[in-house]
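*Asks:* My structure is below; once you've seen it, I'll send some questions.
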Amino acid sequence: MSHWNPAPFAQQLLDLFASLLLLIAFAMLSQRRILTLIHLFAWQGLILTLSIADSAWLTHQPHLYYSAALTLIIKVLILPLLLHRLIRRLDVVWDVETLINIPTTMLVGIGLVVFSFNLALPISHFSSTILRNTLGIALASVLLSFMMMITRRKAVPQVIGFLALENGLFLAATSATYGMPMVVELGVALDVLVGMFIFGIFFFQIRETFDSLDIRHMEKLKEE
Amino acid sequence: MPLLPLDLVGLILTGWSGLGLLGLVLPARLGRCLLFPLIAGLSALMAGAGLWALQGGAQTLVLPIGLPGMPFHLRLDVLSAFFLTLLGLAGSGISAYATGYFRHMAETQPGDFQRLILLYALFLASMGMVLVADDAYFFMVAWESMALSSYFLVTTDHEIPAIREAGFLYLLMAHLGAIALLLCFGLLQSGTGGDYAFATLRHHSLTSFWSSTAFILALIGFGAKAGLLPLHTWLPEAHPAAPSPVSALMSGIMLKMALYGLLRVLFDLLGQPLWWWGALLVGLGSLTALFGVLFAAVQSDIKRLLAWSSVENMGLILSGLGLTLLFHGAGQETVAALALAAVLYHALNHAFFKGLLFLGAGSVLHATAERNMAKLGGLIRVMPWVAGLSLVGALSLAGLPPFNGFVSEWLLLQAYLLRPDLPQPWLNMVLPLGAAVLALVGALAGFAMVKFYGIVFLGQARGLVLSEVQDIGVWERFGMGWMALGCVLLGLFPSSVILQLDTVTHALVGQGLGASAARHGWLWVTPVSANRASYSPLILFAVIGVSVGLTFLGVRRFFHGRWRRAPAWDCGYPFQTARMQDSADGFGQPIKQIFESFFGLSREIPSPFDSHPHYHSEVRDPLWALCYLPLVRGVARLVKWVGVLQQGRISTYLLFSFTTLMALLALVTGSRP
């Protein structure tokens, strides 16, 4: 015990963060309150930040620190704040119901996790990064967020699902190839931000047109 | 640098387009008097350039415009030259006629007229470009601008819903054809790895399966333009809808572009034909001819009658093309050259007589504002020019000697009857049937022309006030006279024409007809040998002239000279009106009865006790019900299925992408070793 090697610890920390992300993805899937959903989203962003920072430290890749900082600013601070303001102004704190009941959703979610681990297993053999174990988790959280978008009936949770999906993609990119080029990351971050603004405007428009944010009303737009 | 025919052609094409653009700027009245004669002059020049190029070899030119790396290639060979001659000859007559015809329009709707003259010039120029294009890309550009400019010309009177519908149908079929052509050129290019220049495609051979596919695609693409069964439906709708000079251009010239395209693809690009290509073309062509002439015989709209007759003539031409392919494939090049000469000759003749007849119909329409033959009649007395010149066209179309229609149909008949031994014995037995169909079609075309001419120009006026009808002006006379002169000259000097066609047949099938046809001097046409058949129109014409003259003199000489003027016998019924004449419907009645199974007939016959009896009869194209309506129903059913997917629910749409994603992921996992 001459020298303490930080690598195994950091490695284990990474796995811990990854499993926390998965846990949060499930929590989001089962959560009905919009406010809690936003908090969960912020937590997910924070853990993503920590996990990226950890891997940056572990692999000595300075550009990953920038990614982490970007994630922290946009996904932990700005987006949750925006969403908060949005739901206060729209006055929709409650998400009433999901299309499929929550236990069923959770069961399907477990199936998705199994599927994505199965999918990631052969891929991670090819990958040489230390984060390769988390690829399965990243895919699973992408699919779970997608699932959340499908099962929600209101527009705001769908958007949160979309943002969470983006988090999962970010994790997948980091775990498979140590992150995308900086330009791409910046671009994606900007996209998400702009997307959020546009969604905000849409929410108001939708509510003005239909007096509700329930997307069932949009079915009327279909041509008979 | 000496001026080459191709340079001249390029200059004329530019000149046409420039005149069209000038038409947008100039005031309509000036534009009409100045631009149409100039366009006609350039057309005549084009005919000269074509004739000039017919004597020499091919010339090529690469223009520095087009896509990057894909410049426009131009090439003028004898095949292009022949069709350029056709374009120029018929185009100049029609354009001269248009100078007079659009007088009224230029004065009342100057804005519309300015657009019309631009489109008219572009239409001519794009047809010229089709003929000199030497790469698939430029060809398609020219082909599509031809289709689009003619579409806008067809819908000149777009206020009328029926014309809009006709235009839509035309546009639809033109696009279907263009898609088939695109695929065809894609197939021809596949594997060369090079550009789409015809020079590359020419030296590239396909397997028999793929070349057959390319043939079918070309047949669909060009057949849709030529009015080949069952893609003819747009033709009898769109051609009558256009203003008459445009109808003449479309029927007389544009249909020949389809023939040119087929010849170019089949003989130049595709290589050795398979035997069934020719058989298919002969069958489809004969069927088209029969179908077209039957429908022409029962129409009562003058322009629609002529349009159906165009279907018939294109059918004849394509069946001749099929014969050429059959003989060419079997190595019987002499007969192939005979059939090909007949095809080209008939294409030229059809441009003249159909152009002439459409111009005549246009004059009648313009003077009386009536296109229903049931309301016309007796026009020969007030429109002697139109009547006289149309008679030439009608006789030519009916295939009567000594006019031009007879020569080409006779040559085609010779090609059918010569029938060398083909490798397929059953074809040897079936081909004479084609000759029989040709004879039947000729007879029925005569019937249709008797109806056309007799009902419109002869007899008594049916409800029209004849004194208000005026004959045509100088420009119209000149235009129609030009076309009529063409009909007569092409009929009287066939051996000279065949000599000109020689270079084309040499280039395509390696044999000429000129040496044998003119063997017995320029007076006689002898396609194969003198003891089989030969024809001398001049001698025939002289015999007709002399016998008519002798009869006339004889009657004058030996007639006793006692005159008595009396009314004709009225069958004992004294109260006769003009409405009791044989009508267009009545005249076509026997054909309707005999060939009833061909027509989709619907008739309303009044009961004898009806106080206001009303008779209505409609002939519909049965192919609509047979081919098109099932297609429409099928598409509608398919669309309904697609409509099931469209739920209007975001969740469902998301689910679609989700399942697609999952399936693709599973596929990726499964396919990896």
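*Asks:* Run down the lysines and flag those whose C-alpha is under 25 Å from the C-alpha of A:Lys75, throwing out any fewer than 8 positions away in its chain.
*Replies:* The qualifying lysines are A:Lys154.
*Asks:* Using only protein heavy atoms and a 1.4 Å probe, how much accessible area in total is buried between B and A, to the nearest 100 Å²?
*Replies:* Buried area between the two chains comes out at roughly 1600 Å².
*Asks:* Could you tally the net charge around A:Leu190, taking each other residue with its Cβ under 15 Å from the Cβ of A:Leu190, Lys/Arg +1 and Asp/Glu -1?
*Replies:* -2
*Asks:* Considering the zone a paramagnetic label at B:Val548 would reach in this model (a point 7 Å from Cα along the Cα-to-Cβ line), which residues of segment B:383-418 have amide N under 19 Å from it?
*Replies:* It comes to B:384-407, nothing else.
*Asks:* On to the next question. Compute the angle between helix B:404-418 and the longest alpha-carbon principal axis of chain B, please, reported from 0 to 90 degrees and rounded to the nearest 10.
*Replies:* Tilt of helix B:404-418: around 60 degrees.
*Asks:* Of the accessible area of segment B:358-398, with the probe set at 1.4 angstrom, what percent is carbon plus sulfur?
*Replies:* Taking all protein chains in place, segment B:358-398 shows 66 percent carbon and sulfur surface.
*Asks:* Rolling a 1.4 angstrom probe over the protein chains, ignoring ligands and nucleic acids, what is the accessible area of B:Thr660 in square angstrom, nearest 10?
*Replies:* Accessible surface of B:Thr660 is approximately 70 Å².
*Asks:* On to the next question. Report the label-to-label distance for B:Lys375 and A:Leu190 in nanometres (one decimal), using points 7 Å from each Cα along the Cα→Cβ vector.
*Replies:* 6.8 nm
*Asks:* Determine the shape class of the protein assembly as shown: with a ≥ b ≥ c the square roots of the Cα gyration tensor eigenvalues, call it rounded for a/c under 1.5, and otherwise prolate if a/b is greater than b/c, oblate otherwise.
*Replies:* Prolate shape, in that a/c is at least 1.5 and a/b is the bigger ratio.
*Asks:* Please give, to one decimal in nm, the separation of the simple spin-label points placed at B:Val465 and B:Leu623, each 7 Å out from Cα toward the Cβ.
*Replies:* My value for the distance between the label points is 4.3 nm.
*Asks:* Taking square-rooted eigenvalues a ≥ b ≥ c of the alpha carbon gyration tensor, is segment B:285-345 rounded, prolate or oblate, where a/c under 1.5 means rounded and, failing that, a/b exceeding b/c means prolate? Intermediate values should be presented prior to the final figure.
*Replies:* Details: a/c = 5.33, a/b = 3.01, b/c = 1.77.
Because a/c hits 1.5 or more and a/b exceeds b/c, segment B:285-345 counts as prolate.
*Asks:* Calculate the length of the line joining the C-alpha centroid of segment B:4-76 to that of segment A:27-59, in whole Å.
*Replies:* If we compute the Cα centre of each part, the gap is 71 Å.
*Asks:* Can you pull the three principal axis extents for the Cα set of chain B, in Å, largest first?
*Replies:* Cα extents, longest axis first: 110, 68, 61 Å.
*Asks:* To the nearest Å, what is the center-to-center distance of segment B:83-110 and segment B:174-224, using C-alpha atoms only?
*Replies:* 35 Å
*Asks:* Would you please give the FRET efficiency between B:Thr659 and B:His104, computed as 1/(1 + (r/R0)^6) with r the Cβ-Cβ distance and R0 = 60 Å, to the nearest 0.05?
*Replies:* It comes to 0.40.
*Asks:* Where does each of B:Arg381, B:Arg579, A:Arg152 land when they are ordered by accessible area, with a 1.4 Å probe and the largest first?
*Replies:* Details: B:Arg381 140, B:Arg579 210, A:Arg152 0 Å².
Ranked list, largest accessible area first: B:Arg579, B:Arg381, A:Arg152.
*Asks:* Mind checking which lysines have their Cα closer than 16 Å to the Cα of B:Lys592? Skip sequence neighbours fewer than 8 apart in that chain.
*Replies:* B:Lys451
*Asks:* How much net charge surrounds B:Arg264 when only other residues with a Cβ under 14 Å from its Cβ are counted (Lys, Arg +1; Asp, Glu -1)?
*Replies:* Working: positive: B:Arg75, B:Arg202, B:Lys225, B:Lys256; negative: B:Asp77, B:Asp134, B:Asp135, B:Asp268.
So the surrounding residues net to 0.
*Asks:* Report the label-to-label distance for B:Val430 and B:Ile179 in nanometres (one decimal), using points 7 Å from each Cα along the Cα→Cβ vector.
*Replies:* It works out to 3.0 nm between the two label points.
*Asks:* Right, something else. Could you check how much of the accessible area of segment B:596-673 is carbon and sulfur, as a whole percent, using a 1.4 Å probe?
*Replies:* 69 percent
*Asks:* Another question, then. Let me confirm one metric for peptide B:650-663, namely the mean number of other chain beta-carbon atoms within 10 Å of its residues' beta-carbons.
*Replies:* Partner-chain Cβ atoms within 10 Å, mean over residues of B:650-663: 4.
*Asks:* On to the next question. Determine the gain in length on full extension of the stretch A:Val114-A:Asn101; use 0.36 nm per residue of separation and subtract their C-alpha separation, reporting nm with one decimal.
*Replies:* Working: separation 13, 0.36 × 13 = 4.68 nm, distance 2.06 nm.
Working it through step by step, the gained length comes to 2.6 nm.
*Asks:* Okay, next question. Relative to the first principal axis of the alpha-carbon coordinates of chain B, what is the inclination of helix B:136-154, with its axis defined by its Cα atoms, in degrees from 0 to 90 and to the nearest 10?
*Replies:* The helix B:136-154 is inclined about 40 degrees to chain B.
*Asks:* Give the calculated FRET efficiency between A:Ala27 and B:Ser190 to the nearest 0.05, with a Förster radius of 56 Å applied to their Cβ-Cβ distance. It would help to have the intermediate numbers written out before the result.
*Replies:* Values: r = 56 Å, r/R0 = 1.00.
Here the calculated transfer efficiency is 0.50.
*Asks:* Counting Lys and Arg as +1 and Asp and Glu as -1, what is the net charge of the other residues whose Cβ lies under 13 Å from the Cβ of B:Thr200? Let's see the in-between values first.
*Replies:* Values: positive: B:Arg75, B:Arg202; negative: B:Asp134, B:Asp135, B:Asp195, B:Asp268.
That sum, taken over residues with Cβ under 13 Å, equals -2.
*Asks:* Distance between Cα centroids, segment B:124-155 to segment B:333-381: provide it in whole Å.
*Replies:* 23 Å
*Asks:* Would you mind giving the average projected area, over all directions, of the Cα convex hull of segment B:1-55 in nm² with one decimal?
*Replies:* 4.0 nm²
*Asks:* May I ask you to list the residues of segment B:295-337 whose amide nitrogen lies under 14 Å from a point 7 Å from Cα along the Cα→beta-carbon direction of B:Ile594?
*Replies:* Backbone N within reach: B:295-298.
*Asks:* Once a ≥ b ≥ c are taken as the square roots of the eigenvalues of the Cα gyration tensor of segment B:624-671, is the result rounded (a/c under 1.5), prolate (a/b larger than b/c) or oblate (a/b not larger than b/c)?
*Replies:* Because a/c hits 1.5 or more and a/b fails to exceed b/c, segment B:624-671 counts as oblate.
*Asks:* In the full protein assembly as shown, how much of B:Met105 is accessible to a 1.4 Å probe, in Å² to the nearest 10?
*Replies:* Accessible area of B:Met105: about 20 Å².
*Asks:* Going toward the positive end of the dipole of chain B, with +1 on Lys and Arg Cβ and -1 on Asp and Glu Cβ, which of B:Ala199, B:Val555, B:Pro590 do you reach last?
*Replies:* The residue sitting most towards the positive pole is B:Val555.
*Asks:* Just the C-alpha atoms of segment A:13-221: what Rg/Rh do they give, with Rh taken as the Kirkwood radius?
*Replies:* For segment A:13-221, the value is 0.98.
*Asks:* Sticking with this structure for a sec: Rank these residues by their accessible area, most exposed first, probe 1.4 Å: B:Cys571, B:Cys33, B:Cys487, B:Cys627.
*Replies:* So, going from the largest accessible area down, we get B:Cys571, B:Cys33, B:Cys627, B:Cys487.
*Asks:* Let me ask you something else. Could you rank B:Glu596, B:Glu409, A:Glu208 by how accessible they are, 1.4 Å probe, largest area first?
*Replies:* Descending accessible area places them as A:Glu208, B:Glu596, B:Glu409.
*Asks:* Suppose R0 equals 60 Å; then what is the FRET efficiency for B:Phe559 and B:His203 from their Cβ-Cβ distance, rounded to the nearest 0.05?
*Replies:* Once the sixth-power term is evaluated, E becomes 0.20.
*Asks:* Follow-up question, since we're still on this one. State in Å² the accessible area per residue of the protein assembly as shown; use a 1.4 Å probe, count heavy atoms of protein chains only, and round to the nearest integer. List each step's numbers first, then the result.
*Replies:* On the way: 39740 Å² over 897 residues.
I get 44 Å² per residue for this part.
*Asks:* What average number of partner chain Cβ atoms lie no more than 10 Å from the Cβ of the residues making up A:137-149?
*Replies:* Whole-number average of other-chain Cβ neighbours for A:137-149 is 2.
*Asks:* Using only Cα atoms, find the angle between the long axis of helix B:333-368 and the longest principal axis of chain B, and express it within 0 to 90 degrees, rounded to the nearest 10.
*Replies:* That works out to roughly 60 degrees.
The values are calculated or read from the model by the stated rules, or taken from the named source; none is laboratory data. Since we're looking at a predicted model, the values are computed, not measured. Don't worry about glycine lacking a Cβ; one is built from the backbone with ideal geometry, like all the others, and counts go over all protein chains shown. Calculation scope for accessible area: heavy atoms of the full protein, side chains included, ligands and nucleic acids excluded. Shrake-Rupley method; radii C 1.70, N 1.55, O 1.52, S 1.80 Å.
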